[in-house]
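Structure, as structure tokens:
Please treat every number below as a calculation from the coordinates, not as lab data. The shown structure was predicted, so the numbers you read here are calculated from the model rather than taken from an experiment. Cβ sites come from the backbone with ideal geometry, for glycine too, and all protein chains shown count toward neighbours.
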Amino acid sequence: MQLPEAATGEVLGLLQSHLLLSGSAVAIAILLGLPLVIAAADSSRLRGPLLAIIGLFQTIPGIALLALFYPMLLLLDRTLGWAIPALGFAPALLALIVYALLPIVRNGVTAIRGIDPALIEAADGLGMTRRQRLVRVELPLGAPVILAGIRTATVWTIGTATLATTIGQPSLGNLIFSGLQTEDWHRVLIGCAASAGLAIVADGMLALVESGLARRSPWRVRLGIGLIAAGFAIAFAPLPGKAAGTRTVIVGAKNFSEQYILAAALESRLRAAGYRTERRDDLGSAIAYRALAAGDIDAYVDYSGTLWTNVLGRHDIPPAREMLASLSTTLQKRDYVRLVGPLGFENAYAFAMKRSRAAALGIRTLDDLARSAPRLRMASDLEFLNRPEWRSVESRYSIHFLDQRAYVPTFMYRAIADGSADVASAFSSDGRVAALDLVTLADPRGALPSYDAVLLLSPRAARDPKLVAALLPLVGAISIDRMRAANLMVDRDEAKRTPDEAARWLLAR
């Protein structure tokens, strides 16, 4: 599979970031884990609780563990003034260290505890100190089992590191998540293959060291360690084309096609103004805004209804113009976040059904849907069923479906297209609504707020007049029809465009 030069550069950059993150996590886990191994092997009182605690962390799903470290670091920064970025590398590194500890500690304790007691007695009989016995007997004999634990930790960590994308750390997960959202299976396959290849290569290097120790072959050990050192050198090496001294603007995006397109449009405007840019894709709604307020990202596009309910915690539904004015004032006063303005279109939540199915059941509004809901299956995106908007719909319409399932947006639309679901929480600016001949249902009781797409800037970015001037022409410049067409370019199977290509088309007007 031949990649264009730009895509090759993207893959190499993500591979380097992935290698740096996972390699650093495993290295630190080894430095922390080996002292714990030695202490736990000597103390039965410590051994049980330590393994239980580490095992408990291992039961937490990787994506949840990664997400938990973000608010934790944010809280420490606000309360103690720690200057640790709460988004990106730091929380991902901490979570992966915790994840890598279990196989290292468990195998290490097993290795030392499993040594023949006669050998321990012989070492003691020779008058060895505890340190001499550890260095000359226990660690050499236990090295194969210890290294097996390190190999397991390495493979686990490299695989789990793909999830770091969700908290703003570039990794090979960028290719996988964006490929799933845009149905670009080449990106998914490349991301999976690169991650698997990296894990296989790293495991092979450690296997070389392990076999060298087992066979008492110094050259194997030296070669394995040399290759590992070379891998770290590559991870820390600067990539070509990154000019030093240029201001870098971090652009954020949530996890669906429209966000990728708009983030690419922001980047295009900023680069034309002379800025370097970096992306933080696939952020959840809550993480994206917190990251902006904390200065971990500089700009992204959000939606007025999402900000109103999720960020301000408001449950009333004022007219769109009043909502925008209140958001602009409150966000500026509370978080110093600047709402530059609406882009000109609305991406509202809307309940959608196949036109033929809705006509057959006589469903035109949410009132009609509520009457038929006990016999229908609903598909939603990953966030909607936990959002205040859904609670508002439930409350105002007393709606209860036969089955409710959450999907990434790509598969949500697939579910309604193939009949696995009867109704979906669609997006009004999504081109697939028209492409799949879906009809959106009226909301006569006003349960759903307006969702104007709005451009937000961090406190730092808002103080840069040149940056504001570069992005200001986007305000009011994108119509709903243009956005739907751009989204469909990325989402449809035939004549598929990349988000960057769709962004260039969008900016051409």
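The ranking of Val340, Val408, Val454 by Cβ neighbour count inside 10 Å, starting from the fewest, reads Val408, Val340, Val454. With neighbours defined as other Cβ atoms within 10 Å of a residue's Cβ, the residues Lys496, Lys354, Lys466, Lys254 order from fewest to most as Lys466, Lys496, Lys354, Lys254.
Note on Arg271 and Tyr336: their simple-model spin labels are 3.0 nm apart, each label 7 Å out from Cα toward Cβ. The lysine pair tally for the chain, using Cα distances under 26 Å and a gap of 8 or more places or different chains, is 7. In the chain, excluding the sites themselves, the longest stretch lacking any of the chymotrypsin sites (Phe, Trp or Tyr not before Pro) that are in a DSSP loop with at most 15 other Cβ atoms within 10 Å is 83-335.
Between helix 173-182 and the chain, what is the angle of the helix's C-alpha long axis to the longest principal axis, kept within 0 to 90° and rounded to the nearest 10? The helix 173-182 is inclined about 30 degrees to the chain. Length gained on full extension, Arg131 to Ile234: 33.5 nm, using 0.36 nm per residue less the C-alpha separation. Restricting attention to the chain, close to 55% of DSSP beta bridges with both partner residues there are antiparallel. A Förster radius of 51 Å combined with the Cβ-Cβ distance from Ala442 to Leu31 puts the calculated FRET efficiency at roughly 0.25. Footprinting exposure proxy ranking of Leu436, Leu456, fewest other C-beta atoms within 10 angstrom first, gives Leu436, Leu456.
Against the empirical 2.2 N^0.38 Å scaling, what ratio does the C-alpha Rg of region 410-449 come to?
Ratio of Cα Rg to 2.2 N^0.38 Å: 1.22.
Computed from the C-beta positions of Ile225 and Ile60 and an R0 of 51 Å, the FRET efficiency is 0.95 to the nearest 0.05. Note on Kirkwood radius over Cα pairs in Å: of the candidates [x] 23.5; [y] 25.4; [z] 24.7, the value calculated from this structure sits at [y]. In a fully extended conformation the segment linking Arg247 and Glu501 would gain 89.0 nm over its present Cα-Cα distance, using 0.36 nm per residue. With both residues required to sit in region 349-440, DSSP beta bridges show an antiparallel share near 50%.
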